[in-house]
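Participant: Here it is, the structure in full.
The values are calculated or read from the model by the stated rules, or taken from the named source; none is laboratory data. Just so it is clear, the structure is predicted and the values come from calculations on it, not from any experiment. All Cβ positions, glycine included, derive from the backbone under ideal geometry; neighbour counts span all protein chains shown.
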Amino acid sequence: MANSSIELRDRFLGCLLGCAVGDALGAPYEGLWSHSIPDIETLLSGFAEFEGFPPGQYTDDTQLSLATVEAILDAEEVVPVVVARHIARLWKTQSVVGPGGACTQAAHRFLKTGDWTSCGAPAGQAGNGTAMRTAVLGLFFLREIDRLPGVVADISRITHQDPRSVAGGVAIAKAAQLLTNDVRSPEAFCREIAEATEVYEPQFAETVRELPSLMMKSPETTLHHIAWSGMARPEFDKPIITPFVIPTVLASLWCVLENLDSWSQAVAKAIGLGGDVDTLGAIVGALMGTRLGVADIPSHLVETVLNVAKIRSLAVRYHALVARKG
């Protein structure tokens, strides 16, 4: 299917449902090495259970993404304090699944102070808790392209003040925005993402810009470089994608660019890398759902992911809001 022929409403559905399905596919295998993760056929056959949750349970990656959409629908705009309030409510109601430390601390600080500008984890904590929830924001700025970096940077700072995490949040939102159109080339795609992020973290932006060249090397070389990007030295003997934001973003973009025509192949590749695979599944699932629409996500997974009716409703309402504003 030609990318340009997909209805925008189907991209919104693909983004939100793709996030949830990818997250729920990866969640049972979080923290595992690649050799312990099932092959693509087994992985995509249905959701596995984890930690006593029902099959199809997604984690905080999707919960925070959906909370962001709910906040936008409430305010009919992206308003940081409203987004922070919706995110913090997940902790207030003790409904977060697999929360990260930085996001947890940020939520508790916001609940105590009500100040979204100071609740984020300080510089030095550069986790991927921004990138995991910003793909949905890329869809809000389809007609206001220049607003995206600044607003998404503010939304990222709710949980993380570190410029690398801020840049990671902007990068994934920009990628989602770009994927609503045909990708001219990996070089152009990565260049536009780098241009949106370089004001926040120039070195991070440069690694994104160099990704297409890196992809010309062997998969093993590419993975090793991505896994330890931004680190002084490798953390383990074998490559694995940690919750550090730079490898997470690079790995996600790599999986998308290597599998532009298949949601299933892209998400399976992401989860198969090992490590923080619920987040990788959520990000790549959202990005590929945006590119290919909900129809490319296996229907048996869409229909059995938790809260599918609610997520569909949010996506349809979100699309209607953006279409009306446009």
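Participant: Could you check, for segment 224-234, whether at least one of its residues is among the hydroxyl-bearing types (Ser, Thr, Tyr), closer than 20 Å to Val284 by Cβ, in a helix (DSSP H, G or I) and out of contact with any Asp or Glu (no Cβ under 9 Å at 6 or more places or on another chain)? Step through it out loud before you land on a result.
Facilitator: Of the residues in segment 224-234, the ones among the hydroxyl-bearing types (Ser, Thr, Tyr) are 229.
Pick out the ones that are also closer than 20 Å to Val284 by Cβ and you get 229.
Still in the running and in a helix (DSSP H, G or I): none.
Scanning segment 224-234, I find no residue that is among the hydroxyl-bearing types (Ser, Thr, Tyr), closer than 20 Å to Val284 by Cβ, in a helix (DSSP H, G or I) and out of contact with any Asp or Glu (no Cβ under 9 Å at 6 or more places or on another chain), so the answer is no.
Participant: Also, I was wondering about something else. Can you report the number of residues in segment 86-121 which are surrounded by 13 or more Cβ atoms within 10 Å (Cβ to Cβ), of a type in the set (Val, Ile, Thr) and free of Cβ contacts under 8 Å to residues at least 24 places away in the same chain?
Facilitator: Counting residues in segment 86-121 that are surrounded by 13 or more Cβ atoms within 10 Å (Cβ to Cβ), of a type in the set (Val, Ile, Thr) and free of Cβ contacts under 8 Å to residues at least 24 places away in the same chain gives 1.
Participant: Kindly list the number of the only condition in (1) without any contact (Cβ under 8 Å) to a residue 40 or more places away in the chain; (2) surrounded by fewer than 22 Cβ atoms within 10 Å (Cβ to Cβ) that fails for Glu201.
Facilitator: (2)
Participant: Collect the residues in segment 124-168 that are closer than 25 Å to Arg312 by Cβ and crowded, with 24+ Cβ neighbours inside 10 Å, keeping them in residue-number order.
Facilitator: Ala131, Met132, Arg133, Thr134, Ala135, Val136, Leu137, Gly138, Leu139, Phe140, Val152, Ile155
Participant: Please give the helices (runs of 4 or more DSSP H) falling wholly within segment 58-132 in which 3 or more residues are touching a Lys or Arg at 6+ places or on another chain (Cβ under 6 Å) and modelled with pLDDT of 95 or more. It would help to see each step written out before you state the result.
Facilitator: Details: elements: 60-75, 80-92, 101-113.
Result: 60-75.
Participant: Now a separate question. Take Arg209 and decide whether it is surrounded by fewer than 20 Cβ atoms within 10 Å (Cβ to Cβ), of a type in the set (Lys, Arg) and either touching a helix residue (DSSP H, G or I) at 6+ places or on another chain (Cβ under 8 Å) or not in a strand (DSSP E or B) (or both). Walk me through how you get there before you give the answer.
Facilitator: On the way: surrounded by fewer than 20 Cβ atoms within 10 Å (Cβ to Cβ): yes; of a type in the set (Lys, Arg): yes; either touching a helix residue (DSSP H, G or I) at 6+ places or on another chain (Cβ under 8 Å) or not in a strand (DSSP E or B) (or both): yes.
Here the answer is yes, as Arg209 does meet what is asked.
Participant: So which residues in segment 285-326 are among the β-branched types (Val, Ile, Thr) and within 23 Å of Arg143 (Cα to Cα), if there are any at all? Even if it seems obvious, please write down each step before you answer.
Facilitator: Step one: filter segment 285-326 for residues among the β-branched types (Val, Ile, Thr), giving 290, 294, 297, 302, 304-305, 308, 311, 316, 322.
Of everything in segment 285-326, those that are among the β-branched types (Val, Ile, Thr) and within 23 Å of Arg143 (Cα to Cα) turn out to be Thr290, Val294, Val316, Val322.
Participant: Let me spell it out: the conditions are (1) over 18 Å from Gln125 (Cα atoms); (2) part of a helix (DSSP H, G or I); (3) touching a residue at least 60 places away in the same chain (Cβ under 8 Å), and Ile246 meets all of them except one. Which number is the exception?
Facilitator: (1)
Participant: Let me ask you something else. Here are some residues: Leu321, Leu257, Leu301, Leu287. Which one is over 17 Å from Asp61 (Cα atoms) and crowded, with 24+ Cβ neighbours inside 10 Å? Explain how you work it out, then say what you get.
Facilitator: Numbers: Leu321 fails: crowded, with 24+ Cβ neighbours inside 10 Å; Leu257 fails: crowded, with 24+ Cβ neighbours inside 10 Å; Leu287 fails: over 17 Å from Asp61 (Cα atoms).
That would be Leu301, the only listed residue that is over 17 Å from Asp61 (Cα atoms) and crowded, with 24+ Cβ neighbours inside 10 Å.
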